[in-house]
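Student: Quick one: the structure is below, and I'll ask about it shortly.
The values are calculated or read from the model by the stated rules, or taken from the named source; none is laboratory data. Computed from a predicted structure; not experimentally measured. Ideal geometry is used to build each Cβ from the backbone, glycine not excepted, and the neighbour counts take in all protein chains shown.
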Ligand code: ADE
């Protein structure tokens with residue numbers, strides 16, 4: 001998979017890809033992440049990428065032309081499955097979307113800044129708009145990093161244990177059940193006895209029951225969706 005990220009603050013996107021699982025995925029050739037500085041596509045001598053809003057109003061707007069030039073350059077080199085714009089008024093990001101994106105070969109992620117992009121970019125260039133939650137970030141970069149992390153860990157071979165992404169919260173529409181490790185007892189806080197029974201059927205049944213109870217208690221919306 002190849003991900004091209006377009007940003008006006010590319011420095012913000014350095015560290016998420018420079019450690020742990022994402023770094024290993026890149027080094028292992030399982031994913032390519034290319035970060036493009038939108039200013040390199042500016043069309044004037046001042047390297048402007050934003051301008052005042054037509055009709056008046058506070059805040060700058062990212063201009064269509066530099067974005068179009070950058071996207072056209074990338075599209076001339078390969079086909080893209082999706083051109084995604086990160087924006088708080090996009091469709092809410094969830095595990096389902098992460099699963100779908102992880103199947104693609106090439107995607108572009110455009111990070112918004114200031115007041116956002118000229119509407120014509122959204123109408124004519126972007127194919128999908130994603131929000132990572134109902135709050136406003138200073139720019140789309142951290143949101144893009146969240147999406148990339150959720151997507152990249154689903155690419156086969158990225159996680160050491162192939163099954164571990166499958167048992168993540170949300171993968172089966174449920175939150176994950178409780179997990180424990182050594183020691184068996186700490187400060188009198190005991191691990192449930194059943195986990196030492198060696199009865200894998202019973203353990204699986206217990207995990208399912210716990211996952212359902214947790215989902216009903218914490219995310220009744222997910223539970224109702226699952227039942228529908
Ligand atoms: N840009 C600013 N806020 C955002 C959000 N919540 N999701 C995606 N992109 C954003």
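Student: Can you tell me which residue among 151, 146 is within 9 Å of the ligand (Cβ to nearest atom) and surrounded by 14 or more Cβ atoms within 10 Å (Cβ to Cβ)?
Tutor: Result: 146 is the single residue among 151, 146 that is within 9 Å of the ligand (Cβ to nearest atom) and surrounded by 14 or more Cβ atoms within 10 Å (Cβ to Cβ).
Student: Separate question: Tell me which residues, restricted to the stretch 164-215, are surrounded by 15 or more Cβ atoms within 10 Å (Cβ to Cβ), over 21 Å from residue 95 (Cβ atoms) and out of contact with any helix residue (DSSP H, G or I) (no Cβ under 8 Å at 6 or more places or on another chain).
Tutor: Answer for the stretch 164-215, where residues must be surrounded by 15 or more Cβ atoms within 10 Å (Cβ to Cβ), over 21 Å from residue 95 (Cβ atoms) and out of contact with any helix residue (DSSP H, G or I) (no Cβ under 8 Å at 6 or more places or on another chain): just 191.
Student: Here is a further query. Report every pair of residues separated by at least 6 positions or lying on different chains whose Cβ atoms are under 8 Å apart, first residue within the stretch 131-152 and closer than 30 Å to residue 29 by Cβ, second in a loop (DSSP other than H, G, I, E, B) and within 7 Å of the ligand (Cβ to nearest atom).
Tutor: Partner pairs satisfying both residue conditions: 139/112; 140/112; 143/132; 143/137; 146/132; 147/132.
Student: So, one more: Check the stretch 44-66 and report whether any residue there is touching a strand residue (DSSP E or B) at 6+ places or on another chain (Cβ under 7 Å), over 15 Å from residue 116 (Cα atoms) and in contact (Cβ under 8 Å) with a residue 60 or more places away in the chain.
Tutor: Looking for residues that are touching a strand residue (DSSP E or B) at 6+ places or on another chain (Cβ under 7 Å), over 15 Å from residue 116 (Cα atoms) and in contact (Cβ under 8 Å) with a residue 60 or more places away in the chain, one finds none in the stretch 44-66, hence no.
Student: Further question: Look through 64, 58 and report the one residue that is farther than 27 Å from residue 104 by Cα and surrounded by fewer than 19 Cβ atoms within 10 Å (Cβ to Cβ).
Tutor: The unique qualifying residue is 58.
Student: Looking at the stretch 126-142, can you tell me whether even one residue there is more than 14 Å from the ligand (Cβ to nearest atom) and surrounded by 14 or more Cβ atoms within 10 Å (Cβ to Cβ)?
Tutor: There is no residue in the stretch 126-142 that is more than 14 Å from the ligand (Cβ to nearest atom) and surrounded by 14 or more Cβ atoms within 10 Å (Cβ to Cβ).
Student: Here are some conditions: (1) crowded, with 16+ Cβ neighbours inside 10 Å; (2) under 27 Å from residue 105 (Cβ atoms); (3) in the same structural domain as residue 62 (by TED's automatic domain parsing). Residue 123 meets all but one. Which one does it not meet?
Tutor: (1) is the only condition that residue 123 fails.
Student: Now a separate question. Are any of the residues in the stretch 84-106 free of Cβ contacts under 8 Å to residues at least 60 places away in the same chain, exposed (fewer than 13 other Cβ atoms within 10 Å of the Cβ), in the same structural domain as residue 139 (by TED's automatic domain parsing) and in contact with a helix residue (DSSP H, G or I) (Cβ under 8 Å, 6 or more places away or on another chain)?
Tutor: The answer is yes; a qualifying residue exists.
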